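Taking it in order: structure first as C-alpha cells, then the write-up.
Computed from the coordinates by the stated procedures, all read-outs in this text should not be read as laboratory data. Since the model is a prediction, treat every value here as computed from it, not as a measurement. Here the Cβ positions follow ideal geometry from the backbone for every residue, glycine too, while neighbour counts run over all protein chains shown.
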Amino acid sequence: MNRSSTCLHVLHFYYRIQEPTSFMEPPTGAVDKIEVDRQNQSRIMYSEGGALYTSDGISRTFILSSGSIRFFTQLSCSKILIANRNVTQTVNRSTGSVQDLILNYPPGVTPSCFVTDMFMDKINNSQVIVSCWFFGRLVATVDFVTGDINALTDQTLGIEGVTQHDNGDIYFTSQRTIHMISYSSKTVTPLNIADAPFRALRHIQFISEDILIVAGFQNNQLYLVDLAERNFTSIDACPEDNPLRSCGPTTVLVTKDYLYAGYNSIPLQKFARKYLPILFDE
C-alpha cells in the first residue's frame, strides 16, 4: 500500500451500525485473555473468572479450571501454558493432565512472577514471551521446557500487555505509554504518539504490518495506533446498553472477520470487523 495516498477513515461507534453479539452466559469474572482456538480456528479460547473456555462466538464450552487461571497461551493444538497467580503450568487439553513449570529466575530478579500477558515467541518456538509482575514489572522470555527466564527489561516499568511484530520486535503497554523492545539489541524505546490520551493501557495486538489495537481500560476505549504515522484513532468500546458507559476493556482479539473484546465486568462481546476504522486508498 502506498501510504502517501492513504487517509485514515474514521468510523467512531462503528459497532452501533451492527450491534455486537453478547455471549449468552453471564460473566463469572474479568476476561483476561483471548486467542484463536488452535484446534478450530473458527472458534476462540478465552480465560474468564479463573477458567478456560472455547466458543463459536454465541455459546461457550468449558475446557478447564486449574486454580485461578488468568493468562494463557497455546503451545500447540493440545498443549496450553497457563498462569495461576505465581504458578505456571502446562496443560494437556486432550488428557487433562497438568504439570508445573518450575521457573529459573536470573540473578537480581525477585523470584515471584505474576503473569500479566503471554504468547509464543514468533522467532524462537521453544520459548514464550511474558510480561511479569514482580516487585516491579518486566518483559521476559521463558523457555517452556527448562523454565529458564531471560529478562528483557528492568523492573521499573508498569507493564501490562505485550505483543510481537513479525520481525521479532516486542511491543508492550505501560500505563500511558507504548514501548518497543528491539529483538536483536534488546534496547527499549518509548513510542511518541501525538496527543494520545492513554490511561491504564492493557492488552495490545498487531492487526496489520504497522497498526496496533490497544485496550484502554480506564478510558473505556479501544485505540488503533498507526506506528508509521505515529497517530491513533479512538473507538468507543462500551456496548450501547451499558448504563454507566463504563465497561473497562481488558483484552481484545481481531481475526479475519471479527473483533472480540473482553471486559472487567460485562460479557465478552463480538463485533463485525468490517466496521473497524481502516486505512484505504483514495
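Table for the structure above
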read-out: Residue order, fewest to most surrounding Cβ atoms within 10 angstrom, among Asp195, Asp56, Asp236; value: Asp195, Asp56, Asp236
read-out: Relative contact order %, segment 40-169, counting alpha carbon pairs below 8 Å whose residues are six or more apart; value: 15 percent
read-out: Reach of Lys186 by Cα under 21 Å, taken over lysines that are not fewer than 8 positions away in the same chain; value: Lys122
read-out: Sorted by Cβ neighbour density within 10 Å, fewest at the top, the residues Arg199, Arg38; value: Arg199, Arg38
read-out: Footprinting exposure proxy for Cys132, Cys77, Cys238 (fewest neighbouring C-beta atoms within 10 Å first); value: Cys77, Cys238, Cys132
read-out: Protection-proxy order for peptides 164-171, 181-188, 113-120, each taking the mean of Cβ atoms within 10 Å per residue, highest first; value: 113-120, 164-171, 181-188
read-out: 5 angstrom amide H check on Ile63, placed H, neighbours 5+ away; value: Leu52, Tyr53, Thr54
